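Contents: one structure, followed by commentary.
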Amino acid sequence: MSAESEPTLSAAPAAGLDDQTALRLLREGHIEVAGRLVEATNMTLYCSIRLGSLAAACVYKPVRGERPLWDFPDGTLAYREVAAFEVSAATGWRIVPPTVYRDGPFGPGMCQLWVDTDPEADLMALIRSRQPALRRMAVFDAIVNNADRKGGHLLPLADGHIHGVDHGVCFSADDKLRTVLWQWRGKPLPREAMNVLARLERELEDGRLGRRLRELISLAEVEATWARVRRLLDTGLHPLPSQDWPAIPWPPI
């Protein structure tokens with residue numbers, strides 16, 4: 001099965017900070033809570049963060065504010081968000097904004113750089129589009145086994161880059177892929193994606209990514225992530241919706 005080719009899209013930094021600077025700010029900066037995002041299922045706090053002359057907005061999700069789920073172990077969602085960032089960084093696609101696990105005003109949790117989206121973006125049109133950036137996200141979601149890719153989790157920037165957020169329900173060892181991005185189901189994977197997957201397989205097997213994920217999620221989940229990457233490489237195809245699990249999250253936006 002031959003891989004498709006498509007143009008490369010540059011990944012723009014969020015909030016004008018390079019990733020390493022943003023990560024240092026998120027790890028070491030002083031957090032002040034400004035408000036709460038009330039529509040979020042779990043406690044999600046909008047904050048400012050400052051370190052010397054560096055300052056930005058961020059999202060802070062304390063573990064103590066996580067709502068228990070029947071299919072994910074309690075207290076693990078923040079770690080899964082960080083694991084998703086690590087995979088995103090390893091792909092080079094910079095889908096997930098810089099994300100760390102740290103202590104905060106309400107205890108340990110996930111802290112992620114806030115991203116200002118394009119106010120002119122039509123989210124419904126974006127979801128139905130076939131943009132290369134969106135296709136990369138579909139591949140990324142298949143890798144991390146994203147069980148909740150809603151349209152509202154897409155953050156389009158004015159320059160065309162698209163970030164994705166809310167990855168707390170990823171990395172299950174069971175097949176749980178649930179997304180609004182099924183445009184490419186069963187289609188050959190782009191050549192770029194195949195090259196990235198080959199690199200990820202090596203990194204998961206005996207590289208930094210595998211070691212880092214083992215610090216954040218269970219060994220069974222790391223092995224399942226490797227198996228998903230291997231399956232994508234073997235088939236060379238975007239996955240098809242599961243017959244045993246709802247294919248689209250509800251609500252889809």
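The values are calculated or read from the model by the stated rules, or taken from the named source; none is laboratory data. Just so you know, these numbers come straight off a predicted model, no measurement behind them. Here Cβ is always computed from backbone atoms with ideal geometry, including for glycine, and neighbour counts include all displayed protein chains. Surface areas here come from the heavy atoms of the whole protein model, side chains and all, with no ligands, DNA or RNA. Shrake-Rupley method; radii C 1.70, N 1.55, O 1.52, S 1.80 Å.
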Inset, instruction - Divide, for the stretch 134-207, the radius of gyration over alpha carbons by 2.2 N^0.38 Å, where N is the residue count. - result: 1.15
Legend entry - Within the chain, helix-based [θ] at 222 nm, where runs of 4 or more DSSP H residues each add -39,500 (n - 2.57), nearest 500: -10500 deg cm²/dmol
Inset, instruction - Evaluate 2.2 N^0.38 Å with N set to the residue count of the chain, then give the Cα radius of gyration divided by it. - result: 0.96
Inset, instruction - Calculate, axis by axis, the spread of Cα positions in the stretch 33-80 along the three principal axes, and write the results as whole Å, longest axis first. - result: 43, 21, 13
Inset, instruction - May I ask you to give the percent of accessible area on the stretch 33-127 that is carbon plus sulfur, with a probe radius of 1.4 Å? - result: 54 percent
Legend entry - Per residue solvent-accessible surface (Å²) - the stretch 40-116, probe of 1.4 Å: 40 Å²
Inset, instruction - Place the peptides 209-217, 16-24, 165-173 in order of packing, highest mean first, counting for every residue the other Cβ atoms within 10 Å and averaging per peptide. - result: 165-173, 209-217, 16-24
Legend entry - Overall Cα dimensions of the stretch 29-150, principal axis frame, Å, largest first: 41, 39, 29
Legend entry - Calculated Rg and Dmax of the stretch 176-247 using C-alpha coordinates, Å: 13.2, 34
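Calculate, in whole percent, how much of the Cα-Cα pair population of the stretch 100-225 lies beyond 19 Å.
57 percent
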Legend entry - Given charges at Cβ of Lys, Arg, Asp, Glu: the chain dipole, positive-most of Leu233, Gly109, Pro119: Leu233
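If you average the sequence gap of Cα pairs under 8 Å that are 6 or more apart and divide by the length of the chain, what percent do you get for the contact order?
Reported relative contact order: 21 percent.
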Inset, instruction - Tally up the carbon and sulfur contribution to the accessible surface of the stretch 158-253 as a whole percent, 1.4 Å probe, everything protein left in place. - result: 52 percent
